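**Q** Sharing a structure with you now.
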Amino acid sequence: MTEDTSKNRNTDESIPPMENSDMLLEEVALRHHFLKHSHIQPDVQAELSTFHQKRRIRLARNRIVVISALAGAAAALLLTFIIHQIWFNQPTEIPTTVFLATNNTEDVTLQSNSGALLSLNSIGPDTLLHFSGAKITAQGNLLKYQDSRQANNNSIQTLTTPRKKDFKVILSDGTEVWLNAESQLSYPCVFEGNQRIVHLRGEAYFKVAPDTAHPFIVKTGNLQTEVLGTEFNLRNYCSTDTHVTLIHGCVQVSDCLGRHKVCVIPGQDAFLQADGSFTLKDVDTDEYTEWKNGYFYFDNRPLIEIVRELGRWYDVDIVVSNQSIMNAKVHFIAKRQGTLEDIVYLLNSLNLFNAEIQGKKIVIRQN
């Protein structure tokens, strides 16, 4: 009895109650009715059209974004190219040192052919010197030789000026010589023979004592100047800057091999060419001679010539930052005894470039 009852209970639990079945049938019937009688059907063509329209809009937007990005990139590249062209195609300033300082001794010296050396910086006025058999009166920046036959006929003396200083010497025949800075003059204590011969390196102004029987000859490394009695300036700092400028009288100039000769008249300058020939031209002689009167004097001359002369006198490096201004022609006059600061001020007053002192050098830049 108990066992049967248990079986019947299990069977009853596995079969849903009647009321649950009725609810399920009702739900199925309602869904069928809704699907059968519903008028809300999906419009496939409309949905497809909407999809394509949205896709076109999305693609258009993406295209605009891509084009904008490409345009921005192109603009950036173009700007970079323009900046590159402007920056790297500008004239490059390559500083050029056109003159170098030496920082050598500032002593004016007198040396004999035996090697004896005398500094003339500390000699007082009206001092009588006896040097290598010569009798010399020293007066500040002047030496005057006496016409003494007691001197050794073979005694050659060499007067040397450093940068920043010039000097004057009166030779035994009465010829006056102004020696510019960084120059050297060799001469005999007493002139002997039929010629009066001296040797020059650098620049000097000569006022030659007249003596028709004994021509006065100045020799340099690449030319010879012969006179009887006259005034002239001779510059020979380098082979490419050799000038003989005549003030009074007449001179004959020849190259060192004697192949080319030319006569110079007052007011003319003879310039030695590379082939040994000469170019003659009329000049303002003050430009070649005012240095002995204590002035820098340049009339419409290239800047490169002016700054080299300034560098020689003040013994400073000259650096020009732009080569295009080296040939700029200017008018420049100044006292040689002025300070370097005075010179730089005068250079800047030309309003053509900017000059600046930097330690032991002057740097010149284009405005």
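The values are calculated or read from the model by the stated rules, or taken from the named source; none is laboratory data. On a predicted model such as this, the values are computed, not experimentally measured, just so you know. Cβ sites come from the backbone with ideal geometry, for glycine too, and all protein chains shown count toward neighbours. Quick note on the areas: whole protein, heavy atoms, side chains included, nothing else; ligands and nucleic acids left out. Shrake-Rupley method; radii C 1.70, N 1.55, O 1.52, S 1.80 Å.
**Q** Looking at the stretch 198-262 only, what percent of DSSP beta bridges run antiparallel? Nearest 5 please. All intermediate terms of the calculation are to be shown ahead of the outcome.
**A** On the way: 23 of 25 bridges.
Roughly 90 percent of the beta bridges in the stretch 198-262 run antiparallel, per DSSP.
**Q** Run the reach check for Lys292 against lysines, Cα to Cα strictly under 27 Å, same-chain hits fewer than 8 apart removed. What comes back?
**A** Leaving aside lysines fewer than 8 places away in the same chain, those within reach of Lys292 are Lys135, Lys144, Lys164, Lys165, Lys168, Lys207, Lys219, Lys281, Lys329, Lys335, Lys360, Lys361.
**Q** Per the 1.4 Å probe, what fraction of the accessible area of the stretch 251-319, in percent, lies on carbon and sulfur atoms?
**A** Reported share for carbon and sulfur atoms: 45 percent.
**Q** On to the next question. Check which residues have an amide H placed less than 5 Å from Val330's amide H, if you skip close sequence neighbours.
**A** Close amide H contacts, sequence-distant or interchain: Asn300, Arg301, Leu303.
**Q** Using θ = phi - 60° and the Karplus relation 6.51 cos²θ - 1.76 cosθ + 1.60, list the HN-Hα couplings for the stretch 340-352 in order, rounded to whole Hz, with x at every Gly or Pro.
**A** Using θ = phi - 60°, the values come out as 4, 5, 4, 5, 5, 4, 5, 4, 5, 5, 6, 6, 10 Hz.
**Q** In Å², what does the accessible area per residue of the stretch 317-358 work out to with a 1.4 Å probe?
**A** 55
**Q** Full extension from Arg301 to Leu128: what is 0.36 nm times the residue separation minus their Cα-Cα distance, to one decimal in nm?
**A** Values: separation 173, 0.36 × 173 = 62.28 nm, distance 4.29 nm.
Taking 0.36 nm per residue and subtracting the Cα distance, the gain is 58.0 nm.
**Q** In terms of modelled amide H atoms, which long-range or inter-chain residues lie less than 5 Å from the amide H of Thr230?
**A** Val208
**Q** Whole-Hz ³J(HN,Hα) for each residue in the stretch 173-188, computed from phi via Karplus 6.51 cos²θ - 1.76 cosθ + 1.60 with θ = phi - 60°, x for glycine and proline: what do you get?
**A** So the Karplus estimates, Gly and Pro as x, are 8, x, 5, 9, 10, 9, 9, 6, 4, 6, 9, 8, 10, 10, 7, x Hz.
**Q** Positive end of the charge dipole of the stretch 102-253 (Lys, Arg +1 and Asp, Glu -1 on Cβ, about the Cα centre): tell me which of Leu200, Ile247, Thr127 has its Cα farthest that way.
**A** Thr127
**Q** Size of the dipole of the stretch 177-269 about the Cα centre, Lys and Arg at +1 and Asp and Glu at -1 on the beta carbon, nothing else charged, in debye to 20?
**A** Charge dipole of the stretch 177-269: 140 debye, to the nearest 20.
**Q** Taking θ as phi - 60°, what are the ³J(HN,Hα) couplings along the stretch 292-304 by the Karplus curve (6.51, -1.76, 1.60), each to the nearest whole Hz, with x for Gly and Pro?
**A** These are the phi-based 3J(HN,Hα) values: 6, 9, x, 10, 7, 9, 10, 10, 6, 10, x, 4, 4 Hz.
**Q** Take peptides 224-236, 248-260 and line them up by average Cβ neighbours within 10 Å, highest first, as a rough protection proxy.
**A** 224-236, 248-260
**Q** How much length is gained if the chain between Thr96 and Thr212 is pulled fully straight, taking 0.36 nm per residue apart and subtracting their Cα-Cα distance, in nm to one decimal?
**A** Result for the pair: 36.9 nm of gain on full extension.
**Q** Okay, next question. Could you work out, for the stretch 169-309, what percent of all Cα-Cα pairs fall into each 5 Å distance bin, beginning at 0 Å and stopping at the bin that holds the largest distance?
**A** Here the calculated profile for the stretch 169-309 is 2, 10, 21, 25, 22, 14, 6, 2, 0.
**Q** Check Phe131: other-chain or 5+ apart residues with amide H under 5 Å from its amide H, H built from backbone geometry?
**A** Residues meeting the amide H criterion: Ile136.
**Q** Report the FRET efficiency, 1/(1 + (r/R0)^6), for His248 and Asn354, where r is their Cβ-Cβ distance and R0 is 45 Å, rounded to 0.05.
**A** It comes out at approximately 0.60.
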